[in-house]
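Colleague: Pasting in a structure now, in structure tokens, and then I'll have a few things to ask.
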Amino acid sequence: MTQTITVLITGCKSGIGKAMLTAYAARDNYLAIAAIRDGPNTEAAKALEAIPTGQI
């Protein structure tokens, strides 16, 4: 049985936070949760949907 590892990453709007989110989202058995201050209906949040397997 495979175990899912959950990671919470803050500062995902840009820089290292966004890079970490992209890296963890691409891994099998990882659930990456993104946190940004701008809210779910902003350009930054919608850009995160472009990351493979991303959903807001």
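Colleague: Could you tell me how many of the residues in the range 38-52 are in contact (Cβ under 8 Å) with a residue 24 or more places away in the chain and surrounded by 10 or more Cβ atoms within 10 Å (Cβ to Cβ)?
Modeller: Number satisfying all stated conditions: 4.
Colleague: Between residues in the range 15-28 that are over 16 Å from THR2 (Cα atoms) and residues that are among the acidic types (Asp, Glu) and surrounded by fewer than 17 Cβ atoms within 10 Å (Cβ to Cβ), which pairs lie under 6 Å by C-beta distance while being six or more apart or on different chains?
Modeller: Short answer, once both residue conditions are applied: none.
Colleague: How about the range 1-17: which of its residues are modelled with pLDDT under 90 and either of a type in the set (Asp, Glu) or under 8 Å from the mean Cα position of the chain (by Cα) (or both)?
Modeller: CYS12
Colleague: Being outside any loop (DSSP other than H, G, I, E, B), among the β-branched types (Val, Ile, Thr) and more than 30 Å from MET1 (Cβ to Cβ): is that true of ILE33 here?
Modeller: Numbers: outside any loop (DSSP other than H, G, I, E, B): yes; among the β-branched types (Val, Ile, Thr): yes; more than 30 Å from MET1 (Cβ to Cβ): no.
No: the conditions fail for ILE33.
Colleague: Give the residues of the range 1-18 that are over 19 Å from THR42 (Cα atoms) and of a type outside the set (Val, Ile, Thr), sorted by residue number.
Modeller: Of the residues in the range 1-18, the ones over 19 Å from THR42 (Cα atoms) are 1-8, 16.
Of everything in the range 1-18, those that are over 19 Å from THR42 (Cα atoms) and of a type outside the set (Val, Ile, Thr) turn out to be MET1, GLN3, LEU8.
The values are calculated or read from the model by the stated rules, or taken from the named source; none is laboratory data. The model shown is predicted, which means the values in this text are computed figures rather than measured ones. A quick note on method: Cβ atoms are made from the backbone with ideal geometry, for glycine too, and the neighbour counts reach across all protein chains shown.
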